[in-house]
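A.B. asks: This is the structure I have questions about; it appears just below.
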Amino acid sequence: MADNRLTIDEIERWLRQDDPARLEDLWRQADAVRRQFVGDAVHLRGLIEISNHCVRGCRYCGINAANDSLVRYRMTADEILACAHRAVDFDYGTVVLQAGEDPGIETEWLADIVRRIKRRTPLAVTLSLGERPVEDLICWRKSGADRYLLRFETSDARLYGMIHPSSPGHPDRMELLGVLRRLGYEVGSGVMVGIPGQRLHSLAEDINLFARLDLDMIGIGPFIPNLHTPLGSGELAPPIDPAEQVPNTDLMTCKAVALTRRVCPQANIPSTTALATINPESGRELGLTRGANIIMPNLTPLQYRTLYEIYPGKACINETADACNACLRTRIESIGRTIGSGPGGRKRISNG
Ligand code: SAH
């Protein structure tokens, strides 16, 4: 078995590796570590995109506040509860409530929804609602929320400052990840692969940071240009040597997933929708066979789904929840994996 402790330089060398035979070794190692530490079960997390309102100006994201070409929506409590019940019908173990950073999602309103889901279903509840005040995170944890997803997007501080204008007076994402951990959430983070201006060395540092943060969940997807954003329209083009630029390809995303599995053997790692978007044919399967163990089927009602346009051409955008469920199960079984049951939280086993 390969040693899974990789230095930043070793990670970077793998990211630059283009020899198919050597890459086969990387895929094999990542798949073996995945099987040993988290097993063959693929856990399904039902994604509910509860609001596309957002007060932030993230330069990569299609639902940022400045995009006035988008009709905004916020789901009602009853609609969210109905989606959670569908998750139970489909035998998913978790629902993920995701949204733009939307102060219209009021603290008590969401706490009540979390309590109702926890009282009426066996589901684990994951929140992905951006940089909320610490008081909100405390309240939602007390209401029963189990997990929180907040990607740090890139560990390159200069690039991050360019693409993610900060919210003055509020803790930044790194601080919030520590707060979430102390509050007892399972903590998820992650990055985009191939952000204009992102260097191969900084992607290697991101992967090393995942291990140092001991993250429970790690989401890695390719950057997909959105014409309604400064970064996607080319209006904001950070200067960089093309030889150092991370390509936003399925291959580079798979390398990042595989290396992340090696350095974070126990983490829950999704094969992301963004990967399936740039490779509709086999992106899901490539992720799952190169280190990932989680899939997030979309449960958002169809009339809202097209409005949650973070990036264009999102995989499965017009598929009903039933169709998504059936398709993803077939894909998982076609590669000889099983469907996980129960919440599928982070397992802590000794890496000795
Ligand atoms: N408001 C929440 C949820 C955002 S959407 C938050 O900010 O955490 C979830 C993730 O989608 C983001 O963290 C980002 O990594 C990803 N994303 C946003 N725009 C993208 C793009 N253009 N291409 C690929 N991924 C994108």
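The values are calculated or read from the model by the stated rules, or taken from the named source; none is laboratory data. Because the structure is predicted, anything quoted here is derived from the model rather than measured. Backbone-built Cβ (ideal geometry, glycine too); neighbour counts: all protein chains shown. For accessibility, only protein heavy atoms count, side chains too; no ligands or nucleic acids. Shrake-Rupley method; radii C 1.70, N 1.55, O 1.52, S 1.80 Å.
A.B. asks: Protein chains only, probe 1.4 Å: how do MET162, MET75 rank by accessible area, largest first?
C.D. replies: Sorted by accessible area, descending: MET162, MET75.
A.B. asks: Treat every Asp and Glu Cβ in the range 8-339 as -1 and every Lys and Arg Cβ as +1, leave all other atoms uncharged, and give the resulting dipole magnitude about the Cα centre to the nearest 20 debye.
C.D. replies: Once rounded to the nearest 20, the dipole reads 720 debye.
A.B. asks: Could you check what % of the DSSP bridge pairs in the range 9-146 are antiparallel, to the nearest 5?
C.D. replies: 10
A.B. asks: Still on this structure, please answer the following. Just grab the label-to-label distance for SER233 and ASP19, each label 7 Å out from Cα along the Cβ direction, in nm (one decimal).
C.D. replies: Taking the two extended label points, one gets 4.5 nm.
A.B. asks: If R₀ is 35 angstrom, what is the calculated FRET efficiency for the pair THR330 and ALA32, using the beta carbon separation as r and rounding to 0.05?
C.D. replies: Once the sixth-power term is evaluated, E becomes 0.90.
A.B. asks: While we're looking at this one, here's another question. More than 36 Å apart: what percent of Cα pairs in the range 8-339 qualify?
C.D. replies: 12
A.B. asks: If you don't mind, another one. Calculate what fraction, in whole %, of the accessible area of the chain sits on carbon and sulfur atoms when a 1.4 Å probe is rolled over the protein chains.
C.D. replies: Within the chain, the accessible surface is 52 percent carbon and sulfur.
A.B. asks: Rounded, prolate or oblate: which fits the range 38-95 when a ≥ b ≥ c are the square roots of the eigenvalues of the alpha-carbon gyration tensor, with rounded for a/c under 1.5 and prolate only if a/b beats b/c?
C.D. replies: Taking the square roots of the gyration eigenvalues as a ≥ b ≥ c, the range 38-95 is oblate.
A.B. asks: Okay, moving on. If each residue of separation counts as 0.36 nm, what is the full-extension length gain between LEU251 and HIS170 once their alpha-carbon separation is subtracted?
C.D. replies: Length gained between LEU251 and HIS170: 25.5 nm.
A.B. asks: On to the next question. What residue among LEU127, TRP27, ILE8 has its Cα farthest toward the positive end of the dipole of the range 8-339, where the charges are +1 on Lys, Arg and -1 on Asp, Glu, each on the Cβ?
C.D. replies: Going by the Cα projections, it comes out as LEU127.
A.B. asks: In deg cm²/dmol, rounded to 500, what helix-only [θ] at 222 nm does the chain give when every DSSP H run of at least 4 residues adds -39500 (n - 2.57) and the total is split over its residues?
C.D. replies: -12000 deg cm²/dmol
A.B. asks: Sticking with this structure for a sec: So how do 64-70, 183-189 stack up, highest first, on mean other-Cβ count within 10 Å?
C.D. replies: So the order, starting with the most tightly packed, is 183-189, 64-70.
A.B. asks: Please find the FRET efficiency linking TRP109 to GLU205, where r is the Cβ-Cβ separation and R0 is fixed at 22 Å, and quote it to the nearest 0.05.
C.D. replies: Between TRP109 and GLU205 the formula returns 0.05.
A.B. asks: What does the highest-first list of 224-234, 90-100 look like by mean Cβ count within 10 Å?
C.D. replies: Those peptides, ordered most packed to least, come out 90-100, 224-234.
A.B. asks: Can you list the lysines whose alpha carbon sits under 23 Å from that of LYS118, skipping same-chain ones fewer than 8 residues off?
C.D. replies: Correct list for LYS118: LYS142, LYS347.
A.B. asks: On average, how much accessible surface per residue is there in the chain, in Å², for a 1.4 Å probe, leaving out ligands, DNA and RNA?
C.D. replies: 40
A.B. asks: Using the Karplus curve 6.51 cos²θ - 1.76 cosθ + 1.60 with θ = phi - 60°, work out ³J(HN,Hα) for each residue of the range 281-292 in order, rounded to whole Hz, and write x for Gly and Pro.
C.D. replies: 5, 9, x, 4, 5, 4, x, 5, 8, 10, x, 7
A.B. asks: In the range 27-49, which residues have a backbone nitrogen under 13 Å from the label point lying 7 Å from ASP91's Cα in the Cα-to-Cβ direction?
C.D. replies: Correct set: 42-44.
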